[in-house]
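What follows is a set of notes on a single structure, which appears directly below.
Where a number appears in this text, it was derived from the coordinates with a stated rule and is not lab data. The structure presented is a predicted model; accordingly, all values stated were derived computationally and were not measured. In this analysis, Cβ positions are derived from the backbone assuming ideal geometry, glycine residues included, and neighbour counts consider all displayed protein chains.
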Amino acid sequence: MVKNTPLSYGFVAITLHWLMAITVIGLFGLGLYMVELTYYDSWYKGSLDLHKSIGITLAAVLVFRILWRVLSVNPKPLGTNSKINQLAHTAHVGMYILLAVIVVAGYLISTADGRPIEVFMLFNVSALDFVFDDQADIAGKVHYYGACILIGFVILHALGALKHHFIDKDKTLTRMITPLKED
Amino acid sequence: MKKLLINTAVSAALVLSASAANAAEYIIDTKGAHAFVNFKIKHLGYSWLHGRFNTFDGEFNYDAEKPNASQIMVNIDTTSLDSNHAERDKHLRGKDFLNVDKYPSATFKSTKITFNDANSGKVTGDFTLHGVTKSITFEIDKIGEGQDPWGGYRVGFEGETSLKLSDYGINYNLGPASTHVDIGLFIEGIRK
């Protein structure tokens with residue numbers, strides 16, 4: 001089952017979900033770690049290059065994921081409380097928006113002087129034709145605080161999933177691991 | 001009402017004359033960008049990294065007849081740091097280095113200027129950087145002085161000094177060859 005159904009997520013959505021979950025949490029950790037490295041740490045440069053390369057890749061996957069979601073059927077929530085369902089939906093949309101804001105801000109930091117971003121030493125992503133005042137500093141703050149808020153959403157989202165699984169005992173979490181078979 | 005007007009006029013005149021007496025004779029030509037605050041620091045001990053502060057202002061008094069009565073004041077906007085690399089500039093403006101959110105300006109105010117001869121001398125003054133004020137002394141040279149082609153009168157100086165970063169509470173480890181930064185001041189003043 002590749003595509004979503006009204007009952008369950010398909011393999012594409014499931015793969016995208018977990019791949020991005022690992023990547024986003026990994027990038028958050030890498031980001032916090034790399035800014036604490038000192039000038040003479042051997043990974044001072046490499047960590048930053050890796051963060052940017054993964055970030056650009058994530059941006060491309062995010063575009064695909066948003067398109068996939070918009071063009072797919074979305075499984076109906078299994079929760080019975082419509083207010084909580086609405087909250088969960090808002091959190092989902094919020095995470096997509098935050099991810100977009102964070103990758104754009106990250107791009108704007110590194111391209112603030114017109115330099116391109118080198119992705120895995122394979123190709124370059126060019127800078128835009130314009131810059132604005134204090135671009136690197138403003139984008140840097142947006143990137144950092146956006147990431148902190150996103151991780152807050154991720155924790156809320158994970159707690160929600162665990163509540164569904166252990167308290168409500170429904171299939172919200174398991175259908176994000178393997179697609180549910182149609183009855 | 002008339003009395004009030006006269007009082008106002010008199011006090012305004014007094015203020016004007018007082019400020020004229022205290023005003024610096026020269027204003028540093030930042031408007032026309034004939035002045036530079038540059039810095040350079042060794043990179044790993046293998047090369048020089050250059051940068052500058054794009055925004056600053058200042059004024060000075062100088063009279064070739066009595067050069068030892070000279071005074072200078074310069075105010076540097078630390079947020080305007082430019083080393084031709086936005087990511088590095090962001091790092092240098094951040095907490096590891098200049099912490100410009102907390103210390104948005106650096107200032108220099110001379111306390112004593114002594115010329116050895118017509119064109120060279122020593123400036124002593126209080127330099128404030130990263131919230132730390134220290135008295136520093138450095139040599140200066142006069143480059144030239146005279147009429148400009150547009151009806152004004154100008155004089156220019158240069159001076160350079162080496163600052164130990166840790167003296168100003170900047171303790172990020174850039175390596176043993178990069179403990180000091182050289183600051184160069186290249187100014188042209190326009191007589192008011």
Quick calc: nm separation of the 7 Å Cα→Cβ label points for B:Q147 and B:K134 -> 4.5 nm
Is it possible to state the helix-based mean residue ellipticity at 222 nm for chain A, with each DSSP H run of 4+ residues giving -39500 (n - 2.57), the sum divided by total residues, to the nearest 500 deg cm²/dmol? What is it? -21500 deg cm²/dmol
Can you pull the one-decimal nm distance between simple spin-label points at A:F28 and A:R115, each 7 Å off the Cα toward Cβ? 2.8 nm
Provide the FRET efficiency to the nearest 0.05 for the A:Y39-A:I177 pair, computing r from the beta carbons and using R0 = 45 Å. 0.55
Treating only the Cβ atoms of Lys and Arg (+1) and Asp and Glu (-1) as charged, compute the dipole magnitude of the stretch B:51-137 about its Cα centre; round to the nearest 20 debye. 320 debye
On Cα atoms only, tilt of A:44-71 relative to the major axis of chain A in degrees: 40 degrees
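With the cut-off at 17 Å, report for the stretch A:76-183 the share of all Cα pairs above it, as a whole percent.
Here the tail beyond 17 Å accounts for 65 percent of pairs.
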Nearest-0.05 FRET efficiency for A:F166 and A:I97 at R0 = 22 Å, using Cβ-Cβ distance, is 0.15
Nearest 20 debye, what's the magnitude of the dipole of the stretch A:1-102 about its Cα centre given +1 on Lys and Arg Cβ and -1 on Asp and Glu Cβ? 480 debye
Kindly list the residues of the stretch A:87-101 that lie in the label zone of A:I66, defined by a backbone N under 14 Å from the point 7 Å along the Cα-to-C-beta vector. A:93-101
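Order of A:74-86, B:82-94 by packing, highest average Cβ count within 10 Å first?
So the peptides A:74-86, B:82-94, ranked by packing, come out B:82-94, A:74-86.
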Where q = 0.07, 0.10 Å⁻¹, what log10 of I(q)/I(0) comes from the Debye formula for the protein assembly as shown, counting one point per Cα? -0.52, -0.80
Taking Cα atoms only, Rg over Rh for the stretch A:120-183 with Rh from the Kirkwood formula is 1.27
Per-residue HN-Hα couplings for the stretch B:92-105, Karplus 6.51 cos²θ - 1.76 cosθ + 1.60 at θ = phi - 60°, whole Hz, x for Gly and Pro? 5, 6, x, 5, 5, 10, 7, 6, 5, 4, 8, 10, x, 9
For the pairs A:K83/A:K169; B:K102/B:K192; B:K95/B:K142; B:K90/B:K142; B:K66/B:K192; A:K3/A:K83, flag any whose C-alpha to C-alpha distance is greater than 29 Å. B:K102/B:K192; B:K95/B:K142; B:K90/B:K142
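Would you please give the FRET efficiency between A:D129 and B:A118, computed as 1/(1 + (r/R0)^6) with r the Cβ-Cβ distance and R0 = 51 Å, to the nearest 0.05?
After rounding to 0.05, the efficiency reads 0.50.
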State the Cα centre-to-centre distance between the stretch A:79-132 and the stretch B:112-175 in whole Å. 45 Å
Across bins of 5 angstrom width beginning at 0, how are the C-alpha pair distances of the stretch B:80-178 distributed, in whole percent? 3, 10, 16, 17, 16, 14, 12, 8, 4, 1, 0
Once fully extended, how much extra length lies between A:V104 and A:K76, figured as 0.36 nm per residue of separation less the alpha-carbon to alpha-carbon distance? 7.0 nm
Interchain or long-range residues, amide H under 5 Å from A:Y39's placed H: B:N173
Counting all Cα-Cα pairs in chain B, those more than 29 Å apart amount in percent to 33 percent
